Amino acid sequence: MLDCPRTSDRLGDAQMKTSDARVSIVAPARKVWLALTVPELVKQWQYGSDLQTTWQVGSPIVFRNEWNGQVFEQKGSVLEFRPESRLKYSLFVPRPDLQDIPEHHFFMTYELTESGGVTSLLVRQEDPRPALPDEPASGDEGPDVLSSLKELVEVKMP
C-alpha cells in the first residue's frame with residue numbers, strides 16, 4: 001500500500017512544505033531498517049545514490065550521484081538514529097538561487113512500526129526552501145521510490 005497525502009504549514013514568514021508517504025512492507029522492521037541504512041542497499045532504491053555517513057547523530061551525511069557526466073551531491077547532518085524505529089537527517093540540495101545555510105536544508109524522517117510481520121513505514125519530508133518559479137506544486141517521485149524500496153525488501157533481499 002502506498003499513500004502520499006501532501007500538506008503545507010506556515011512557519012512565520014517561511015512556508016514549510018510537508019509531504020508524508022506511507023508504505024506497508026511485508027517484512028520485519030529489522031530488514032526494512034537495513035534497506036534504509038546500508039549504503040549498498042540504499043543505492044538500489046534511492047536513484048543509484050552513493051550514501052556516505054557513520055550514522056552518528058551530528059555526523060555528516062552525503063548522497064552522491066552521477067548523471068550525464070555531472071556529479072550531484074546532497075549534504076546534511078544526521079539528526080536522529082534509533083535503530084529499527086526512527087531515522088531523521090537534514091539535506092541541502094544545491095541550487096543557483098540558494099546558499100548552503102541551515103534555513104535552506106530540508107528534513108527527511110523515516111518512522112517504522114512493526115506488527116504481525118508487516119512494517120509500516122512513514123516517510124516525511126519537511127521543506128522550508130522557497131519553490132522555483134517553474135517548479136511543480138508537488139512531485140511524483142515519492143511513490144516510485146517507495147515501490148522500489150518495497151520490492152527490494154520483499155523480493156530481492158534474503
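Each reported figure results from applying straightforward, stated rules to the coordinates on display, with no laboratory input. Just so it is clear, the structure is predicted and the values come from calculations on it, not from any experiment. For neighbour counting, all protein chains shown are included, and Cβ atoms are generated from backbone atoms with ideal geometry for every residue, glycine included.
Distance between the 7 Å Cα→Cβ label points at Leu79 and Gln15: 2.0 nm. Coordinate range of the alpha-carbon atoms in segment 2-126 per principal axis, descending: 47, 37, 29 Å.
The stretch between Val62 and Asp50, if pulled fully straight at 0.36 nm per residue, gains 3.5 nm over its current Cα-Cα span.
Using the beta-carbon distance between Leu122 and Val155 and R0 = 22 Å, what value does 1/(1 + (r/R0)^6) give for FRET efficiency, to the nearest 0.05?
Values: r = 22 Å, r/R0 = 0.99.
Once rounded, the FRET efficiency stands at 0.50.
A simple spin-label model places pseudo-atoms 7 Å from Cα toward Cβ; at Glu40 and Glu103 they are separated by 4.4 nm.
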